[in-house]
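Reading through the structure tokens given below for one structure.
Laboratory data are not the source of any read-out in this text; all were calculated from the coordinates shown. As the structure is a prediction and not an experimental result, all values here were calculated from the model. So basically every Cβ, Gly included, is an ideal-geometry build from the backbone, and we count neighbours across all protein chains shown.
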Amino acid sequence: MFELSFIWAALIAFAVLAYVVLDGFDLGVGILFPFFPEQRDRNVMTNSIAPVWDGNETWLVLGGGGLMAVFPLAYATVLPALYIPIILMVLGLIFRGVAFEFRFRTQRWRGVWDWGFALGSMTAALMQGIALGALVQGIAIANRQYAGGWWDWLTPFSIVTGIAVVVGYGLLGATWLNLKTTGDLQARARQLAIYAGIGTLALIGVVSLWTPFLEPVYFERWFQWPTAFFSAFVPLLLAVCAFGLWQGLTANKHLQPFLSALGLFVLSFAGLGISFYPYIVPGALTIAEAAAPDSSLAFLLVGAVVLIPIILAYTGYAYWVFRGKVDPEEGYH
Amino acid sequence: MSFGQSAELLARIQFAFTVSFHFIFPAFSIGLASYLAVLNGLWLWKKDAAYLKLFDYWKTVFAITFGMGVVSGIVMSYQFGTNWAAFSDKAGPIVGPLMGYEVLTAFFLEAGFLGIALFGRKRVGNGLHMFAVAMVAVGTLISATWILAANSWMQTPAGFTTNEAGQFVPVDWWAIVFNPSFPYRLVHTVLAAFLTTAFAVGAVGAYHLLRDSSNRQARTMFSMAMWMAALVTPVQIFVGDQHGLNTLEHQPAKIAAMEGHYETHQGAPLILFGIPDDKAEKTHFALEIPKLGSLILGHSWDAEIKGLKAFPPDERPPAFLPFWTFRIMVGLGMLMLVVGLWSLWARFRKTLYTSTWLHRAALPMGPSGFVAVLAGWYTTEVGRQPYTVYGLLRTSDSLSNVDAEAIGASLLAFIVVYFIVFGAGVFYILRTVSKTPEGEEEELHEGPTRAAGITPVQQLEAEGKANV
């Protein structure tokens, strides 16, 4: 249990979770763009995430770079297996990343970059969800290489997980806007959060019920004693978060819906962890098999243990500096 | 969509294409971040509003450049896995942690303080704002350090052993990071980034001086840029020479390709121009200076310089690209030196701000740093072929198990998207710097140039009518 590889599995899982919840809400803001056609609203929406999106996306680089460092075999097999979704994801991230700057540098092309922001965010979210679904289904590996076809990732299950992530990020984005904005914009965000919340919960339900039937291992994990005892906690806590979300939105609270939505993601992620363990690529590679040599794991761990708390501290500080509602009249000057 | 090419060639073109774009932006943002820190520091120290105006002016350019650097970098961090899976599996245990440290020590630092540096002066006050600007600058330099450690290790691997799975296993991290070519490559590349920025800033200054030689901000930026050009270019030429000698020691085949030598010579000529032909194993139309090659590389008239024929054919890099990209880089370096010395002369004559010919010369030198950086990068990377990890892991053994069609299709997608997105970005940068660096209002706490991303709505609407 105190193997370096397991510590690293936990750290990589943390990086991915941090990415999902943080970039989740700013991708969600992009996904919701089509529902807010007014320039004024869109400026406030992008202003609410402009100071933090770059830091949020850095967790994705840590997830990717970290995976190459500590689980190179997983990195070298999963990415070729997910070739097309990964390429589409990074292309989506390009369009939405540059839109932050570009949409303020032009009038004539503003609409183009707004659409790039919205479609790029949607594409990135959809592809992340599809990649997740494809990973849960399992990946064919032989001789330290991906051994499947180029379209193996595309299945009904992965499409459902893709849609689930889009809707879920939409929920995070809507509750973020509910937290950061005022007036009519906030009211519409709250309304959207209710729809997205219902959709997210329904899709979590579908994926949760579907997953155990994909692989016998998942079924055993979830429905057999004694692990079923622990896995029962997750749905229970999901219900608590769902109630918190509903209550917060209907009672017009600002922070509670966002935190509840984050809770839904954390718990779904924990559910995935229960399904995966001790595999890093389900059915094909265990955490220990995929791990880099101990000399690699130890070297990077020293830095991670010292630096991740520092990173969390100054990232938290940056959020603190830009706390509160976005003032549409003032900007941040 | 394989275009009749092999997966290996397409993957190499894709890597070269995406890394070229990615390299351009950091080369600029490394220099700009430090420039912004200096400008902000001078503003706080001297309370001269010209520095603040310049800070706000270049801040906008930095925001656009940095954003493009981030998104093109995400592509790189996943491309190792999609196209170069075998490399990732084998070299991941060494290259991976170095890049992991880059993320932990640099990327988060830059991203975490970027928002405050761009948008937060009023919220945190001058002191903390200065700290944030400095952290962004430090972050870019730390980032360069780690990625060049990784790249240098691929050029001159050290401090490792191999295991039964064929993976490189780290033994001595100190030896891995401080591998033989790392110090030279690091200094050479960081100075290149500073020079790139100096000539870009200098060209913008020259452009505005040509329109109005009394513009205070244009004068300040031109003067600062020309100090940089005059002082750093000679240092860079010296460092480049040292880097070349280091390459001769560790990668003699690369030097042979750069020099266009197929035969081994005692007293090798310096080939100024020619057309290296790998098939015929000779350089056509060579214009040579006798014995000078040996003098430069061996510091003696009769030093032995190995030619490409001294290496087995399957261990030779292709010669044409390294030969020509090296000459482009060196040629631009000499032009930079001329402009730098010219500026010193003009400064001495007190005509720095009025010498139209100097400004006309500095203007086309604006892109010179970018071209030189890319040319130098091609020289060293193509010169490493046919290996990814020099002498140990062949490029052909580094690939993913990928169909050429998949790589060709993604390459085409990258080309289309990059030209649209980064073409627009470069256009916006050019349009930004074509505006006069002049405060419309004398507002000392915050200049008129808005940060990208955070814009007061009413200001935006007012501007929309005036703007394109």
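Using the C-alpha atoms of chain A, what convex hull volume per residue, in cubic angstrom, is computed?
That works out to 133 Å³ per residue.
Order these peptides, A:74-83, B:63-72, B:404-413, by their mean beta-carbon neighbour count within 10 angstrom, highest first.
Final packing ranking: A:74-83, B:63-72, B:404-413.
Using only alpha carbon pairs under 8 Å that are at least six residues apart, calculate the relative contact order of region A:4-321 and give it in whole percent.
It rounds to 23 percent for region A:4-321.
Calculate the FRET efficiency for B:Arg211 and B:Gln266 from the Cβ-Cβ distance with a Förster distance of 45 Å, rounded to the nearest 0.05.
0.20
Between helix A:4-31 and chain A, what is the angle of the helix's C-alpha long axis to the longest principal axis, kept within 0 to 90° and rounded to the nearest 10?
30
Please order A:Ser158, B:Ser20 by the number of other Cβ within 10 Å, starting at the fewest.
Ranking A:Ser158, B:Ser20 by Cβ neighbours within 10 Å, fewest first, gives B:Ser20, A:Ser158.
Placing +1 at every Lys and Arg Cβ and -1 at every Asp and Glu Cβ, with all other atoms neutral, what dipole size does chain B have around its Cα centre, in debye to the nearest 20?
Dipole of chain B, to the nearest 20 debye: 1440 debye.
Using only alpha carbon pairs under 8 Å that are at least six residues apart, calculate the relative contact order of chain B and give it in whole percent.
23
Between A:Phe213 and B:Ile275, what is the spin-label point distance in nm, taking each point 7 Å from the Cα along the Cα→C-beta axis?
Going from the A:Phe213 label point to the B:Ile275 one covers 6.8 nm.
Helix B:182-211 versus the longest principal axis of chain B: what is the Cα-based angle in degrees, 0 to 90, to the nearest 10?
40
At what distance in nm do the modelled label points of A:Ala232 and B:Leu9 sit from each other, each positioned 7 Å from its Cα along Cα→Cβ?
Taking the two extended label points, one gets 6.4 nm.
Determine, for each peptide in A:283-290, B:106-113, the mean count of other beta carbons within 10 angstrom over its residues, then list the peptides with the highest first.
B:106-113, A:283-290
Can you compute the charge dipole magnitude of region A:193-333 about its Cα centre, using +1 on each Lys and Arg Cβ and -1 on each Asp and Glu Cβ, nothing else charged? Give it in debye, rounded to the nearest 20.
300
Do you know the relative contact order of region B:320-423, to the nearest whole percent, from alpha carbon pairs under 8 angstrom that are 6+ apart?
Across region B:320-423, relative contact order equals 31 percent.
Could you work out the mean count of beta carbons from other protein chains within 10 Å of each residue's beta carbon in A:293-305?
Mean shielding count: 6.
For a quick check, take a GNM of chain A with Cα springs below 10 Å and name the residue from A:Ile87, A:Ile139, A:Ile194 with the largest mean-square fluctuation.
Of the options given, A:Ile87 has the highest mean-square fluctuation.
Within 10 Å of each residue's Cβ, count the other Cβ atoms and sort B:Trp43, B:Trp357, B:Trp324 from fewest upward.
Fewest-to-most ranking of B:Trp43, B:Trp357, B:Trp324: B:Trp357, B:Trp324, B:Trp43.
What FRET efficiency, computed as 1/(1 + (r/R0)^6) with R0 = 35 Å and r the Cβ-Cβ distance, is obtained for B:Gln242 and A:Trp115, rounded to the nearest 0.05?
Rounded to the nearest 0.05, the efficiency is 0.10.
To make sure I understand the rule: partners must be lysines, Cα under 23 Å from the Cα of A:Lys180, and not fewer than 8 residues away in the same chain. Which ones qualify?
The qualifying lysines are A:Lys253, A:Lys325, B:Lys122.
So, counting K/R as plus one and D/E as minus one, what does the shell of residues with Cβ under 12 Å around A:Leu22 add up to?
-4
Determine ³J(HN,Hα), in whole Hz, for all residues of region B:401-413 in sequence, where each value follows from phi through the Karplus function 6.51 cos²θ - 1.76 cosθ + 1.60 and θ = phi - 60°; x replaces Gly and Pro.
7, 10, 6, 4, 4, 5, 5, x, 5, 5, 4, 4, 4
Place the peptides B:96-104, B:337-345, A:305-313 in order of packing, highest mean first, counting for every residue the other Cβ atoms within 10 Å and averaging per peptide.
B:96-104, B:337-345, A:305-313
Between A:Ala239 and A:Ile159, how high is the FRET efficiency from 1/(1 + (r/R0)^6) when r is the Cβ-Cβ distance and R₀ = 22 Å? Nearest 0.05.
0.25
Kindly write out, for region A:180-196 in residue order, the coupling ³J(HN,Hα) from the Karplus curve 6.51 cos²θ - 1.76 cosθ + 1.60 (θ = phi - 60°), rounded to whole Hz, with x marking Gly and Pro.
Rounded to whole hertz, the list is 9, 10, 10, x, 5, 4, 5, 4, 5, 4, 5, 4, 4, 4, 5, 4, 5.
Need one number: nm distance between label points at A:Tyr277 and B:Asp48, each 7 Å from Cα along Cα→Cβ, rounded to one decimal.
6.3
Largest first and in whole Å, give the semi-axes of the protein assembly as shown's equivalent ellipsoid, each being the square root of 5 times a Cα gyration tensor eigenvalue.
44, 37, 21
Full extension from B:Asn163 to B:Asn126: what is 0.36 nm times the residue separation minus their Cα-Cα distance, to one decimal in nm?
Extending this stretch completely gives an extra 8.0 nm.
Over chain B, what number does the Rg to Rh ratio reach, with both radii from the alpha-carbon atoms and Rh per Kirkwood?
0.99
How much length, in nm to one decimal, is gained on full extension between A:Asp184 and A:Ala288, taken as 0.36 nm per residue of separation minus their Cα-Cα distance?
32.2 nm
Give, rounded to the nearest 20 debye, the magnitude of the charge dipole that region B:1-157 has about its Cα centre when Lys and Arg contribute +1 at Cβ and Asp and Glu contribute -1 at Cβ.
Computed charge dipole of region B:1-157: roughly 580 debye.
Quick one: angle between helix A:53-70 and the longest Cα principal axis of chain A, in degrees between 0 and 90, rounded to 10, please.
10
What list do you get for B:Met226, B:Met76 if you sort them by fewest beta carbons within 10 Å?
Fewest-to-most ranking of B:Met226, B:Met76: B:Met76, B:Met226.
Let me know the mean shielding of B:113-119 by other chains, meaning the per-residue number of their Cβ atoms within 10 Å of its Cβ.
6
Across peptide A:160-173, what mean number of C-beta atoms from other chains lies inside 10 Å of a residue's C-beta?
0
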